[in-house]
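Since the structure comes first, as structure tokens, the remarks are kept for the end.
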Amino acid sequence: MNFADWTGTIGVLLIFIGFFLNLTNKISKDGYAYIILNLSGGAIACYASILLNYMPFIILEGVWTAVSLVSLIRLLIIKK
């Protein structure tokens with residue numbers, strides 16, 4: 001596996017961990033852990049997609065990251 005493969009694998013793994021922990025009720029979909037796992041996983045997977053120059057996943061992971069960022073900002077505003 002090359003650098004892009006490893007990078008993408010790490011990003012997707014973070015997203016899967018968040019998904020699994022949420023499904024098993026270990027973390028809430030509205031909590032920091034879930035949002036940060038999605039934000040970091042999406043950003044890393046998007047970077048890997050950029051390295052591979054694969055536009056469909058650049059868009060998918062870019063939107064995933066943006067939505068997660070908005071969720072984090074909303075959570076930070078609400079918690080104030």
Rounded, prolate or oblate (a/c below 1.5 giving rounded, otherwise prolate when a/b exceeds b/c) for the chain by Cα gyration tensor: oblate
Simple Cβ-charge dipole of the chain, Lys/Arg +1 and Asp/Glu -1, about Cα centre, in debye nearest 20: 400 debye
Pairwise FRET efficiency - I59 versus Y32, Cβ, R0 = 35 Å, nearest 0.05: 0.85
Carbon/sulfur fraction of accessible area - the chain, other protein chains in place, 1.4 Å, %: 74 percent
Net charge over other residues, Cβ less than 14 angstrom from the Cβ of V12 (K, R count +1; D, E count -1): -2
Helix-only [θ]222 nm of the chain, DSSP H runs n ≥ 4, -39500 (n - 2.57) each, per residue, nearest 500: -29500 deg cm²/dmol
Net charge of Cβ neighbours under 10 Å - reference S71; Lys, Arg +1; Asp, Glu -1: +1
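The values are calculated or read from the model by the stated rules, or taken from the named source; none is laboratory data. Predicted model, so just to flag it, every value in this text is computed and none were measured. Backbone-built Cβ (ideal geometry, glycine too); neighbour counts: all protein chains shown. With ligands, DNA and RNA removed, areas are computed over all heavy atoms of the protein, side chains included. Shrake-Rupley method; radii C 1.70, N 1.55, O 1.52, S 1.80 Å.
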